[in-house]
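Taking it in order: structure first as structure tokens, then the write-up.
The values are calculated or read from the model by the stated rules, or taken from the named source; none is laboratory data. Just so it is clear, the model here is predicted, and its values are computed rather than measured. So basically every Cβ, Gly included, is an ideal-geometry build from the backbone, and we count neighbours across all protein chains shown. Calculation scope for accessible area: heavy atoms of the full protein, side chains included, ligands and nucleic acids excluded. Shrake-Rupley method; radii C 1.70, N 1.55, O 1.52, S 1.80 Å.
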Amino acid sequence: MRLLFVEDEARLIELVGAALRQAGFVADCVRLLAEAREAVTLIPYDAVILDLGLPDGNGIALVEQVRRSGDKVPMLILDRKSTRLNSSH
């Protein structure tokens, strides 16, 4: 199974990419939306793991591009929302 992992944080790419490969997946890892766009047009992936907050754009743009092309590849969307804990509660 070939996966595309789109994440801008180098340490996460390293850790998740290694874990996916150790689990037997072929994992292509890219850091930018532009790289992901190129990858999905060149390679038929079995699934995409996608961070929404990328340095060169929002990952939703990739979802829209892929769906407009008719590709139904499953996509797991990751988004880190920071929440602030209020110590008064």
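At an R0 of 25 angstrom, the distance between the Cβ atoms of LEU12 and ALA47 translates into a FRET efficiency of 0.90. Helix 33-42: angle to the longest alpha-carbon principal axis of the chain, degrees 0 to 90, nearest 10? Value to nearest ten degrees: 30.
Per residue of the chain, the DSSP helices (runs of n ≥ 4 H) give a summed -39500 (n - 2.57) that works out to -11000 deg cm²/dmol at 222 nm. Across GLY70, GLY53, GLY24, mean-square fluctuation computed from a Gaussian network of the chain (C-alpha pairs under 10 Å connected) peaks at GLY70. Only protein atoms count toward the accessible area here, which uses a 1.4 Å probe; on the chain, the carbon and sulfur part of that area reaches 55 percent. The dipole here belongs to the chain: it is taken about the Cα centre, uses +1 on the Cβ of Lys and Arg and -1 on the Cβ of Asp and Glu, and is about 260 debye.
Accessible surface calculations at 1.4 Å, restricted to protein heavy atoms, place the chain at 66 Å² per residue. Can you give the log10 of the normalised intensity I(q)/I(0) at q = 0.18, 0.22, 0.24 Å⁻¹, computed with Debye over equal Cα scatterers of the chain? With no solvent term, the Cα-only Debye profile gives -0.75, -1.06, -1.24.
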